[in-house]
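First up is the structure itself, then whatever we jot down about it.
The values are calculated or read from the model by the stated rules, or taken from the named source; none is laboratory data. What you are looking at is a predicted structure, and each value in this text was computed from that prediction instead of being measured. A quick note on method: Cβ atoms are made from the backbone with ideal geometry, for glycine too, and the neighbour counts reach across all protein chains shown. Areas reflect the complete protein model, heavy atoms only, side chains present, ligands, DNA and RNA absent. Shrake-Rupley method; radii C 1.70, N 1.55, O 1.52, S 1.80 Å.
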Amino acid sequence: MGSYLIKRVASLIPILFGISVLIFTILHLVPGDPASIMLGTSATPEAIAALNKSMGLDQPLINQYLHWVTGILQGNFGVSVHTGEEILPQILKRFAITMQLTVFGVLIGWVLAIPFGILSAIRAHSKTDIVVRVFTLLGISVPNFAIGTLLLLGFSLYFNWFPPIDVVNFWDNPIEAFKVFILPATTMGIVVAAGVMRMTRSAFLETMDKDFIRTARAKGNSKWRIVMGHAFRNSSIPIVTIAGMQIGYLLGGSVIVEQLFSIPGLGQYILEGIYQRDYPVVQGGVLFVALVFVLVNLLIDLIYTWIDPRIKY
Amino acid sequence: MKKRVLAGFFLSLSLVLSACSGGGTAPAEQGKSAEGQAKTELIVAAEQEPVGYDPHKVPAASSVRVYALIYDSLTKLDENMNIIPNLAEKWEIAPDGKTVTMFLQKGVKFHNGKDMTANDVKFSFERIMNPDTGSIAKSYFSSVEAIEVKDPTTVVFKLKNADASFVANTASAYASIVPAGSTDLTKEAIGTGPFKMEKSESGQYVLLKKNADYFNKELPKVESIKFQIMKDEAERLAAIRSGKVDISMVSADSAKLLEGKPGVQIKNYQSLEYSYLGMNVNKKPFDNPKVREAISYAVDRNQIIQTVWKGEATLTGPIAPALTNSALDPATYPTYKTDVEKAKQLLAEAGYPNGFETQIETAATYPDMVETAQVIQQQLKAIGINAKINQLEWGNYIDTWKSKDMNLMVGRNTSGVDADRSMRFFFSTTGSANVWNYSNPAYDELVQKALTTVDQAERKKLYDQAQSMLVADAPNLFLTSPKNYYAVRDNIDFTPSAAGEIYSLIKTSIK
């Protein structure tokens, strides 16, 4: 286990190095540079050149890369070419917001998904099952921007209620934070729920067919005990897998929900950076997301061993 | 059991909702804060985040709307687009037009308490003109030879040649007066303007507080302005309807949706922008004036107004119609009458009886540009021109625009506040924004002469001639000038105009 952990953490180095090269190259291959995007179609060529020079973008690419990477190794993510702000504090601040949104979203999703997923599996082909399956189909196929827009407009039209516009940290004021995050988190939660519900249903259906369940039934266990005591743990590996993947995606990719509800999270920060060709912001942001993604995956792998002692590394 | 669970669920949902709305106020009371005091903070929805506050470097509209409230320029525009005094209380232009003397307001202070003097003016303009600054306004002041400080409140601009657009250009927010000795204005913003920078929370809002020492004692009328960043239109709509924001710019489509809704008014004005179809006059077959003329006859501009702008736009020439003093009535242009037969005939004379294949570049970022390109594509089909539309991401679009190598391009320009910008900057042979390779010595001479003519009536005649010449030569087809829309809460006295949101915001009060 210990050596496995060391190996996994060590493998982060080449992964992050590869990502850094990839994101740097791709970003600089994309047409358009920060200065001309800032200045738009009424810029003079000298103005564009002067601005690029002041941002250090007139240097050869390899020098720019080395400068960036040495900075990162010293914990310096550089400054945004647009706003002149330090990037690392921004990333951390915005990541904290995205994380709260994700946690709220995932909780809402799981609270919906797991009980209803189990219910629809143990009552397969009943009315409940049909309702759950229709819900999962909708949740998966309706894009989250549509769900979000409907929630936003619906609540403002019919209840004249609009979530507070300034983001509040959960640990500063939980009630205000709840109000801020409720709509965006529900938007995310519906999508999360749909995926997890589907997986829960199929995992349970499969487990309920296993011999040990039949044995448990034959021994006269109550239905509750069979489901929670025997089936639940044995069905959780695929559920945890999909849940873990979702957390990873949500942390990096809650862009649309953040954009829709003006939540200044990490996804929005990176997206804005892409529009503006703010190279340091996008590079730093993507690298950070990659790191989080890899760590979440590592964590999921460790949870496997706890759920199923047969899994050993 | 099931019913009870469901009932419980809805009960808790409604409890949550009532808890959520409990902190807010009923729409009727939104003019008052929770303590019952009159509301003094104006909340404006901003669709983009500001990208720094250096008025000489940053042209992004999201930044201008903020720094133009913090800084002042020497002159400004009133709602009828006339130049009126601002930091300069008056100015004198020498008879030869080569010397402009600006007399500054006395007793104006920067937000840090320092007096604003002629030295600050000299510093600001020299900073703009310094190529290392990379200022967007540098080309506005290319005629300036020297700036002399006569006394603390008098500045003399010596010009290389008479420049009739000079005073109008000093009204630009890009020509804001900054404190002498300023180096990094990216984050710090200290001006003489009606508002001071109070707080800026990246990704969330920018809060400005009233400058109690503002030289115009009557203004501003609100204690603070908060620009709330809301990138999504649906969110802005919901926020204005529920009274969370007071003012929001909205699209024409959303304006229609909001019309007649309680608590909200829609206000609009004719913008200074116009849309165009640009043609690269170096590229075959667009190098042939007959082809360009044919395209002009084939395009039905009124259909673009109806389809793209739902009737809420007007025909335009090279100068947007909002600049009433300079713009020529589009009815005077012969090629504005749609005539498909004539277009076909012209195309045949040019040697393309069966038309040709080509490509229209446009920006995917702006739906109106894409729709305009689609309407034009249909219209050109009628004369045998098959155009493919290439939707580009904004950065890519700018690159293509700069390349001077496109065939056809649909875009939008801002006319600027003086005819010189609409004409010389975009279409003279050496104009920085002339990416169409248009070069006509007769045109260059006209616009240069107009620039150095001080007599306004004479100047108008020259620009009239230049506009007709440009429309006949057609390096661009000038299409439509749209309206801009604002949704405003009922208790807010806000009247937008082409002179700019800023001018209107300073005068805005809360009823």
* Cα gyration tensor shape of the range A:111-199, rounded if a/c is under 1.5, else prolate or oblate by comparing a/b with b/c -> prolate
* From the phi of every residue in the range A:166-178, what ³J(HN,Hα) in whole Hz does the Karplus formula 6.51 cos²θ - 1.76 cosθ + 1.60 yield, where θ is phi - 60° and glycine or proline is x? -> 9, 5, 10, 6, 4, 6, 8, 7, x, 5, 4, 4, 4
* Multiply the residue separation of B:K461 and B:E357 by 0.36 nm, subtract the distance between their alpha-carbon atoms, and state the gained length in nm to one decimal. => 33.5 nm
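Rounded to a whole number, what is D in µm²/s for the range A:58-188 from Stokes-Einstein with the Kirkwood radius over alpha-carbon pairs (20 °C, 1.002 mPa s)?
Working: Rh = 18.5 Å.
In µm²/s, the coefficient is 116.
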* Structure fact -> Averaged over the residues of B:407-418, the number of partner chain Cβ atoms within 10 Å of each residue's own Cβ comes to 1
* Structure fact -> proj_area_mean for the range A:17-81 (convex hull on C-alpha atoms), units nm², value 4.7
* For chain B, size of Cβ-based charge dipole, Lys and Arg +1, Asp and Glu -1, in debye -> 1120
* Asked: When only C-alpha pairs under 8 Å and at least 6 residues apart count, what is the relative contact order of chain A, in percent?
  -> 26
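Can you work out D for the range A:147-270 in µm² s⁻¹ from Stokes-Einstein, where Rh is the Kirkwood radius over C-alpha pairs, the temperature is 25 °C and the viscosity is 0.890 mPa s? Mind showing how you got there, number by number?
Working: Rh = 17.2 Å.
This corresponds to a translational diffusion coefficient of 142 µm²/s.
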* Let me see the pair-distance distribution of the range B:386-452: every alpha carbon pair, 10 Å bin width, integer percents in order. => 19, 44, 28, 9, 0
* **Taking all pairs of distinct alpha-carbon atoms in the range A:1-125, Kirkwood radius in angstrom** => 19.1
* Collect residues whose amide H, placed 1.01 Å from N in the peptide plane, falls under 5 Å from the amide H of B:Q359; neighbours closer than 5 in sequence don't count. => B:K388, B:L408
* the range A:42-111, Cα convex hull volume normalised per residue, Å³ -> 148
* To do: Sum -39500 (n - 2.57) across every DSSP H segment of at least 4 residues in chain A, then divide by the residue count to get the 222 nm mean residue ellipticity, nearest 500.
  => -25000 deg cm²/dmol
* Asked: Sorted by packing (mean other beta-carbon atoms within 10 Å per residue), highest first, where do A:150-158, B:191-199 land?
  -> B:191-199, A:150-158
* To do: Taking only the C-alpha atoms, wrap a convex hull around the range B:43-117 and report its volume per residue in Å³ as a whole number.
  => 153
* Structure fact -> Computed over the range B:167-228, the relative contact order (Cα-Cα under 8 Å, seq sep at least six) in percent reads 24
* Mean Cα-pair separation over length for the range A:187-295, i.e. relative contact order, pairs under 8 Å, 6 or more apart, % -> 22
* Which residues' amide hydrogens lie under 5 Å from the amide hydrogen of B:L392, considering only partners 5 or more residues apart or on another chain, with H built in the peptide plane? -> B:T362, B:A363, B:A364
* Which whole number gives the average count of other chain Cβ atoms within 10 Å of the Cβ atoms across peptide A:28-41? -> 6
* Structure fact -> Rounded to whole angstroms and listed largest first, the alpha-carbon spread of the range B:319-384 along its three principal axes comes to 42, 33, 14
* Once the whole set of protein chains is in place, how much accessible area is left on A:H230, using a 1.4 Å probe, in Å² to the nearest 10? -> 50
* Report the residue, chosen from A:A43, A:A96, A:A231, that carries the largest GNM mean-square fluctuation when chain A is represented by alpha-carbon nodes joined by springs under 10 Å. => A:A43
* Express the C-alpha Rg of the range B:268-323 as a ratio against the empirical globular expectation 2.2 N^0.38 Å, rounded to two decimals. => 1.33
* To do: Mind running the shape call on the range B:337-457? Use the C-alpha gyration tensor, a ≥ b ≥ c as the square roots of the eigenvalues: rounded below 1.5 for a/c, prolate if a/b tops b/c, oblate otherwise.
  => oblate
* Structure fact -> The ³J(HN,Hα) series, computed from each phi in the range A:50-62 with the Karplus coefficients 6.51, -1.76 and 1.60 at θ = phi - 60°, rounded to the nearest Hz and given as x for glycine or proline, is 5, 5, 4, 5, 5, 8, x, 8, 8, 6, x, 4, 4
* At R0 = 41 Å, FRET efficiency that the Cβ-Cβ distance of A:L299 and B:E148 yields, to 0.05 -> 0.05
* **Share of alpha-carbon pairs per 10 Å distance bin for the range B:77-166, given as whole %** => 16, 43, 36, 4
* Structure fact -> quick shape note, chain A: Cα extents on principal axes in Å, largest first -> 83, 58, 36
* In whole angstrom, and with the biggest value first, how far do the Cα coordinates of the protein assembly as shown range along each principal axis? -> 109, 71, 59
* Cα Rg over Rh - the range B:230-274, Kirkwood -> 0.97
* Asked: How many partner chain Cβ atoms sit within 10 Å of a residue's Cβ in peptide A:256-262, on average, as a whole number?
  -> 5
* Structure fact -> Per residue, the convex hull enclosing the Cα atoms of the range B:138-294 spans a volume in Å³ of 257
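Taking a quarter of the surface of the convex hull around the Cα atoms of the range B:144-196, what do you get in nm²? Could you put the intermediate results ahead of the total?
Working: hull surface 20.0 nm².
Its average projected convex-hull area is 5.0 nm².
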* **Table column - 3J(HN,Hα) (Hz), the range B:438-455, Karplus curve with 6.51, -1.76, 1.60, x for Gly and Pro** => 6, 8, 9, x, 5, 5, 4, 5, 4, 6, 5, 5, 4, 5, 8, 8, 8, 5
* Structure fact -> Under the 7 Å Cα-to-Cβ spin-label approximation, B:K114 and A:A10 lie apart by a distance in nanometres of 5.9
* Structure fact -> Answer check: the range A:99-144, Cα atoms, Kirkwood Rh, Rg/Rh ratio of 1.06
* Asked: Expressed in whole Å with the largest first, what are the equivalent ellipsoid semi-axes of chain B derived from the C-alpha gyration tensor as the square root of 5 times each eigenvalue?
  -> 41, 35, 18
